[in-house]
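Trainee: Questions regarding the structure given below will be posed in turn.
The values are calculated or read from the model by the stated rules, or taken from the named source; none is laboratory data. This is a predicted model, so every value here is computed, not measured. Cβ coordinates were reconstructed from backbone atoms using ideal geometry, including for glycine residues, and neighbour counts include every protein chain displayed. Ligands, DNA and RNA are excluded from the accessible area calculation, which covers all protein heavy atoms including side chains. Shrake-Rupley method; radii C 1.70, N 1.55, O 1.52, S 1.80 Å.
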Amino acid sequence: MSKRILITGGAGFIGSHLVKLMVNKYPDYTIFNLDALTYAGNLENLTSVEKAPNYKFIKGDINDAPFLEELFKTHDFDGVIHLAAESHVDRSIKDPLSFIKTNIVGTLNLLHAAKNNWGDFAGKRFYHVSTDEVYGTLGETGLFTEETSYDPRSPYSASKASSDHLVRAYYHTFDFPIVISNCSNNYGPYQFPEKLLPLFINNIKQNKELPVYGDGKYTRDWLWVEDHARAIDVIYHEGKNGETYNIGGHNEWKNIDIINLLIKIMDELLGREAGTSNALIKYVTDRPGHDRRYAIDAQKLQDELGWVPSLQMEEGLRLTAEWYLANSEWMDNVTSGSYQKYYDNQYADR
Ligand code: NAD
Ligand code: DAU
């Protein structure tokens, strides 16, 4: 059956993988990609589908409520998959307001436009893509489940928690057809190099210091980005209204361990003697409020919808490193201009 789906944030890291999956997998659908093209949005991520007949790009800002109202009036979308957001924790510490605007008010604007224009909601679905960071931080043991209480601890996670609450409020108040997922750390091609892995790949390549926050023993659960896109596809089509699904890789790594693995792979790919790039590691001042450990229990998604992650970390990290090395033009383009200034300021403080 043909559908018209609006994906927001489709020029970003995860969004671009999702757009490509949906455009290729569902030739009968029309996939609309609404993106403001902030520093994190890049149409180069989408060149493989830009001419596809079932793909349409719309440049626009979810903070612009009248524009959204008009957009929903013009196009009778069957569904929304909402990824547009400010996504970097460090930036949220320096500039929380843009996170409040886009992540909270922008999400409310979208909910409002969809609800106003979707009649009795029959056949409609609003899917909100969120993060495991809303659950706060874990000690040495335990996993976040869908029942874990919210305890966001950075401006970023507080803004995402707030948007999750608004989406759920629309379900309870208006019977609005929503579904939410909360996912762990993604990695893979096309991630903006402010995030740990692409930043360190780029720095190793250029023999630049690797700024490890605090003691480096913070733990994250890593998921191959295409596995996340697959999970979103399954949840969008088969998830139940009003439900939340956790998505994770069962793949916990302490930062320093994953950095050491990355150095091993990079030295090999760059033809350097094993361990050469270890000398680039520099322990720096910690991120304020740094969450110690995230780990996801994704059993519900496996039991109810049959989704499991596909890739082991060693394989995924190697593919990732190879991709960034083979796509240095992409890296040069996204790091040119204002980004370098931002990066230098960020680390001048540490
Ligand atoms: P990203 O920063 O790479 O991309 C965000 C995209 O949203 C960009 O294309 C940007 O241009 C667009 N955007 C930002 N503000 C906008 C606005 N006001 N109007 C329209 N478009 C706007 O982010 P990502 O890492 O791909 O994350 C996508 C979503 O997934 C976010 O909601 C994030 O919270 C969530 N998430 C990310 C991860 C992760 O590990 N990266 C994990 C779990 C959940
Ligand atoms: O858990 C899901 C979240 O994962 C997403 O919601 C966010 O959008 C995404 O950015 C990511 O958040 P993190 O803060 O975990 O990702 P980041 O890559 O910024 O940092 C990963 C870990 O590495 C974290 O413990 C901080 C540390 N770090 C990060 C950078 C950029 C360093 O030690 N040095 C660095 O330079």
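Trainee: Quick one: among ASP267, ASP332, ASP76, which has the greatest mean-square fluctuation in a GNM of the chain with alpha-carbon springs under 10 angstrom?
Mentor: The residue that fluctuates most here is ASP332.
Trainee: Between the stretch 180-215 and the stretch 278-318, how many Å separate their Cα centres?
Mentor: 12
Trainee: Pop out the ³J(HN,Hα) list for the stretch 210-218 in order, Karplus 6.51 cos²θ - 1.76 cosθ + 1.60 with θ = phi - 60°, rounded to Hz; leave Gly and Pro as x.
Mentor: Result, ordered by residue: 10, x, 8, 6, x, 8, x, 9, 6 Hz.
Trainee: What net charge do the residues around GLY9 carry, taking every other residue with its C-beta under 12 Å from that of GLY9, with Lys and Arg at +1 and Asp and Glu at -1?
Mentor: Details: positive: none; negative: ASP35, ASP61, GLU86.
After counting each charged neighbour, the total is -3.
Trainee: I need the shape label for the stretch 1-112. Rule: rounded when a/c is under 1.5, else prolate if a/b > b/c, else oblate, with a, b, c from the alpha carbon gyration tensor.
Mentor: Numbers: a/c = 2.34, a/b = 1.39, b/c = 1.68.
Because a/c hits 1.5 or more and a/b fails to exceed b/c, the stretch 1-112 counts as oblate.
Trainee: Moving on to the next point. I want to check a number: in the stretch 178-317, how many lysine pairs have alpha carbons closer than 23 Å, given a sequence separation of 8 or more or different chains?
Mentor: Total qualifying Lys-Lys pairs in the stretch 178-317 comes to 20.
Trainee: Whose amide H sits under 5 Å from the amide H of ASN186, counting only residues 5 or more places off or on another chain, with H placed in the peptide plane?
Mentor: Amide H neighbours of ASN186, under 5 Å, 5+ apart: LEU223.
Trainee: Something else now. When the accessible area of the stretch 11-100 is split by element with a 1.4 Å probe, what percent falls to carbon and sulfur?
Mentor: On the way: 2160 of 3810 Å².
Carbon with sulfur: 57 percent of the solvent-accessible area.
Trainee: Here's a follow-up. What residue among THR276, THR107, THR219 shows peak mean-square fluctuation when the chain is described by a Gaussian network model with Cα springs under 10 Å?
Mentor: Looking only at THR276, THR107, THR219, the biggest GNM fluctuation is shown by THR276.
Trainee: Calculate one ³J(HN,Hα) per residue across the stretch 163-177 by plugging θ = phi - 60° into the Karplus curve 6.51 cos²θ - 1.76 cosθ + 1.60, and present them in order as whole Hz with x for glycine and proline.
Mentor: So the J values, rounded to whole Hz, are 5, 4, 4, 5, 4, 5, 4, 5, 5, 6, 7, 10, 6, 6, x.
Trainee: Take the alpha carbon gyration tensor of the stretch 69-120, find the square roots of its eigenvalues, order them as a ≥ b ≥ c, and report rounded if a/c is under 1.5; if not, report prolate when a/b exceeds b/c, else oblate.
Mentor: prolate
Trainee: Once a ≥ b ≥ c are taken as the square roots of the eigenvalues of the Cα gyration tensor of the chain, is the result rounded (a/c under 1.5), prolate (a/b larger than b/c) or oblate (a/b not larger than b/c)? List each step's numbers first, then the result.
Mentor: Working: a/c = 1.66, a/b = 1.49, b/c = 1.11.
Since a/c reaches 1.5 and a/b is larger than b/c, the shape of the chain is classed as prolate.
Trainee: I want the local charge near ARG293. Using Cβ-Cβ distances under 12 Å, sum +1 for each Lys or Arg and -1 for each Asp or Glu among the other residues. Provide the component values of the computation, followed by the final result.
Mentor: Values: positive: LYS217, ARG220, LYS254, ARG292; negative: ASP132, GLU133, GLU140, ASP221, GLU252, ASP291.
In short, -2.
Trainee: Please list, or write none, the lysines whose alpha carbon is within less than 20 Å of the alpha carbon of LYS73, excluding same-chain residues fewer than 8 places away.
Mentor: LYS3, LYS56, LYS59, LYS115, LYS124
Trainee: For the chain, with a Gaussian network of springs between Cα atoms less than 10 Å apart, report the residue from GLN191, GLN299, GLN206 with the top mean-square fluctuation.
Mentor: With Cα springs under 10 Å in the chain, the top fluctuation among GLN191, GLN299, GLN206 is at GLN206.
Trainee: Can you give me the long-range amide H partners of PHE126? Hydrogens built in the peptide plane at 1.01 Å from N, cutoff under 5 Å, separation of 5 or more residues or another chain.
Mentor: Result for PHE126 returns VAL80, ILE178, VAL179.
Trainee: Moving on. Tell me, what HN-Hα J-couplings in whole Hz come from the Karplus equation 6.51 cos²θ - 1.76 cosθ + 1.60 at θ = phi - 60° for each residue of the stretch 220-235, using x for Gly and Pro?
Mentor: Each residue of the stretch 220-235 in turn: 10, 9, 9, 10, 4, 4, 5, 5, 5, 4, 5, 5, 4, 4, 5, 5 Hz.
Trainee: I want the local charge near SER310. Using Cβ-Cβ distances under 14 Å, sum +1 for each Lys or Arg and -1 for each Asp or Glu among the other residues.
Mentor: Details: positive: ARG230; negative: GLU226, ASP227, ASP233, GLU314, GLU315.
Here the charged neighbours net out to -4.
Trainee: Then there's this: Roughly how many Å² is the accessible area per residue of the chain, as a whole number, for a 1.4 Å probe? Kindly include the intermediate steps, with their values, before the conclusion.
Mentor: Numbers: 14440 Å² over 350 residues.
With all protein chains present, the chain gives 41 Å² per residue.
Trainee: Of the heavy-atom accessible surface of the stretch 274-333 (probe 1.4 angstrom), what whole percent is carbon and sulfur? Don't skip to the answer; put the middle values down first.
Mentor: Values: 1400 of 2990 Å².
Ligands and nucleic acids excluded, carbon and sulfur give 47 percent.
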